[in-house]
Amino acid sequence: IVGRLHLPVQSGSDRMLKVMHRGYKSDRYRRKVEVFREAVPEGSLSTDIIVGHPGETEEDHEETLRLIEDCGFDAAYIFKFSPRRGTEAAKLPGAVPDKVAQRRFLEVLRAIEGNALTRNRARIGSAEEIYVRHGRTGEGHAIGETWSGHAVHVPTDAEAGRYVTAAIEAPGPHVLYAGTPVGPPR
């Protein structure tokens, strides 16, 4: 079973999805997420979100925030719309002022980070197998990743490419912090 899934939804507003020429509605993503969460309750779920697309209203933005909450996305690639010469979107009316797009960007970021922190807090005390991606840093921790795709800082001398098992001691919105590994690296 896949421990992480990326679903590039773009917007939670069906109206904006239509303007963007996406061939789906937000409920399609809600159903996909429901199936994923049932199969992999501790899995990580990421998405792509575009804020400030021409014509995006506050209601459209609120629908995106609702989708983020409903789906519990814990990571996202968030982009402020930027027109590209020669594209249909660059010619659309209803440009969103940069100040508004920046506020919406930060609201989406805070919502994603809030989801991630809530989900990461639930991992405290869990023993995780961690794949070491980068050896020891200046703080004496290696940087690794769990099977569900969560980044982890772990105090170990294990080299990159090895696995260690350790309990999660503290969460952040972007990374987990593990205690001393149990047993030798493998």
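The values are calculated or read from the model by the stated rules, or taken from the named source; none is laboratory data. Quick caveat, the model's predicted, so the values are computed rather than measured. FYI the Cβ positions are ideal-geometry reconstructions off the backbone, even for glycines, and counts take in every protein chain you see. Side chains are part of the model used for accessible areas, which takes the heavy atoms of the whole protein and leaves out ligands, DNA and RNA. Shrake-Rupley method; radii C 1.70, N 1.55, O 1.52, S 1.80 Å.
In segment 14-51, how many are open to solvent by less than 30 Å² (accessible area, probe 1.4 Å), more than 20 Å from residue 146 (Cβ to Cβ) and free of Cβ contacts under 8 Å to residues at least 40 places away in the same chain?
Selection size over segment 14-51: 1.
Quick check on my filter: what residues within segment 70-102 are farther than 20 Å from residue 9 by Cα, assigned to a helix (DSSP H, G or I) and open to solvent by less than 90 Å² (accessible area, probe 1.4 Å)?
Scanning segment 70-102 gives 90, 100.
What's the number of the only condition in (1) of a type outside the set (A, V, I, L, M, F, W, C); (2) in a loop (DSSP other than H, G, I, E, B); (3) touching a Pro at 6+ places or on another chain (Cβ under 8 Å); (4) open to solvent by less than 50 Å² (accessible area, probe 1.4 Å) that residue 180 fails to meet?
If we test residue 180 against (1) of a type outside the set (A, V, I, L, M, F, W, C); (2) in a loop (DSSP other than H, G, I, E, B); (3) touching a Pro at 6+ places or on another chain (Cβ under 8 Å); (4) open to solvent by less than 50 Å² (accessible area, probe 1.4 Å), just (4) comes out false.
Any residue at all in segment 105-120 that is more than 18 Å from the chain's Cα centre (by Cα) and touching a residue at least 24 places away in the same chain (Cβ under 8 Å)?
There is no residue in segment 105-120 that is more than 18 Å from the chain's Cα centre (by Cα) and touching a residue at least 24 places away in the same chain (Cβ under 8 Å).
Please find, among 158, 166, the residue that is modelled with pLDDT of 95 or more and open to solvent by less than 40 Å² (accessible area, probe 1.4 Å).
Of the residues listed, the single one that is modelled with pLDDT of 95 or more and open to solvent by less than 40 Å² (accessible area, probe 1.4 Å) is 166.
Of all residues being outside any loop (DSSP other than H, G, I, E, B), over 16 Å from residue 118 (Cβ atoms) and among the acidic types (Asp, Glu) in segment 52-69, which is most open to solvent (accessible area, probe 1.4 Å)? Just the residue, please.
The selected residue is 59.
What number goes with the only condition from (1) at positive phi; (2) open to solvent by 30 Å² or more (accessible area, probe 1.4 Å) that residue 106 does not pass?
All conditions pass for residue 106, except number (1).
For segment 138-155, what are the residues that are under 14 Å from residue 126 (Cα atoms), open to solvent by less than 30 Å² (accessible area, probe 1.4 Å) and either touching a helix residue (DSSP H, G or I) at 6+ places or on another chain (Cβ under 8 Å) or modelled with pLDDT under 90 (or both)?
Selection gives 148, 150.
Of all residues in segment 91-105, which are touching a strand residue (DSSP E or B) at 6+ places or on another chain (Cβ under 6 Å) and small (Gly, Ala, Ser)?
101
Can you confirm whether segment 95-117 contains a residue that is charged (D, E, K, R), farther than 30 Å from residue 56 by Cα and out of contact with any Phe, Trp or Tyr (no Cβ under 7 Å at 6 or more places or on another chain)?
No: zero hits.
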